[in-house]
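What follows is calculated from the coordinates using simple rules that are stated; it is not laboratory data. If you're wondering where the values come from, they're calculated on a predicted model, not measured in any experiment. Virtual Cβ from ideal backbone geometry, glycine too; neighbours counted across all protein chains shown.
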Amino acid sequence: MFNAITHSQIFVLDQDEALDFYVGKLGLEISADVDLGAMRWLTVHVPGHPEREILLERPGGPRMSEETAEQVRDLVTKGAMGGWFILTTDDCRKTYETLLAKGVEFTEEPTERPYGIDCGLRDPFGNRIRLTQITV
């Protein structure tokens, strides 16, 4: 029936700050940045892989009422609403050092796992990200 996942979504509180982090620090590329009137459709992707986009969505209309959006923003701020995803890399330790030098704050240093090497970080909004070097 299905042949791909094309878009995933995470909540961010400030889309310009999200761009600074995801593009400026992590090195992802902008897929779309479109003013739809009621919302800004802002997506990023891993360089060379535009077929898989992450929507950096600010909680609000038209999808939810302002009251609900405020509750979601509060949960995001507390780290209770954060989404997560995994980015793969050919060299987890080198990527870790590069991002550390750019000011990215990590929650976990590169660690050997049964499937490879990975580490953890959070974006400025509480979303969890894993960097994984698959070695199996």
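Taking a ≥ b ≥ c as the square roots of the eigenvalues of the Cα gyration tensor, the chain is prolate, since a/c reaches 1.5 or more and a/b is larger than b/c. Based on the alpha-carbon gyration tensor of the range 1-64 and its eigenvalue square roots a ≥ b ≥ c, which shape applies: rounded if a/c is under 1.5, prolate if not and a/b is larger than b/c, or oblate? Because a/c hits 1.5 or more and a/b fails to exceed b/c, the range 1-64 counts as oblate.
Annotation for the range 78-136: chymotrypsin sites (Phe, Trp or Tyr not before Pro) lying in DSSP loop with at most 12 further Cβ atoms inside 10 Å of their Cβ are TYR115. Put a dot 7 Å past the Cα of LYS94, heading toward its Cβ, do the same for LYS25, and the two dots end up 2.2 nm apart. Each Lys and Arg Cβ is given +1 and each Asp and Glu Cβ -1; about its Cα centre, the chain then shows a dipole of about 300 debye.
Pairs of Cα atoms nearer than 8 Å and 6+ residues apart set the relative contact order; for the chain it is 22 percent. Across the range 51-66, rounded Karplus estimates of 3J(HN,Hα) from the backbone phi angles (6.51 cos²θ - 1.76 cosθ + 1.60, θ = phi - 60°) give 6, 10, 10, 10, 7, 9, 9, 8, x, x, x, x, 5, 9, 5, 4 Hz, Gly and Pro being marked x.
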